[in-house]
């Protein structure tokens, strides 16, 4: 068991590629949950939220090929290839169908997964979905990313910096550029998967706090949308209790418009509001 996350760790061969992963709650009775990280970073920063869901759900947090400890895919990465790798990972751990939770690039990977392997996804949770008109051209997105680094907890750097250096500068920017070009909103509009989008009001990769309702207005009418008022981009790391609470409510079908979560047995939560 990993001492920092209370999750077990291991390796599987998925699609011919070794994948390192973390898991917990494997005897729980709820639907399995797959957590998918963003670009250049390992699954480590997904674990603060993941570990809070293991009491009800078998939970898996892989390092997809080329990320973290997992070796690279031959021929390079792409969003669709990483989506196929996620499907291969589900095969390898014996999960037929899962709730999928992704952050940043992970949202693009999971939208691709739901498009290419619809039968593997029961529900989508898109945390800080990135990509599209607000993140292009690339220099603009780089400035947004740099701004976000100053808004995340300092402890995030201890995870992100080693992972980014391991991934490599060239590959980091290549995949980041692919993320900014990925038409996440357009792809999401084409899906028939129940979905929850969780947005941080302080996220510089979104159009801005004053325009979040404009962003929501562009989304599917049947998409549940919630905002975490003190959060930036890496909500799964900075606000795990808030995100885990939203995931639980979404899976229990108990989220209501206007719901505000501020209390928790372990201390106050950042104000979290369901917009629709």
Contact order relative to length of the range 18-81, as percent, for alpha carbon pairs under 8 angstrom and 6 or more apart: 42 percent
Note down the nm distance, to one decimal, between modelled labels 7 Å out along Cα→Cβ at residue 174 and at residue 222. 3.9 nm
Computed on alpha carbon atoms, what radius of gyration and Dmax characterise the range 65-137, expressed in Å? 12.7, 40
Take the alpha carbon gyration tensor of the range 1-93, find the square roots of its eigenvalues, order them as a ≥ b ≥ c, and report rounded if a/c is under 1.5; if not, report prolate when a/b exceeds b/c, else oblate. prolate
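Computed from the coordinates by the stated procedures, all read-outs in this text should not be read as laboratory data. As the structure is a prediction and not an experimental result, all values here were calculated from the model. With ideal geometry, Cβ positions are generated from the backbone for all residues, glycine too; neighbour counts draw on all protein chains shown.
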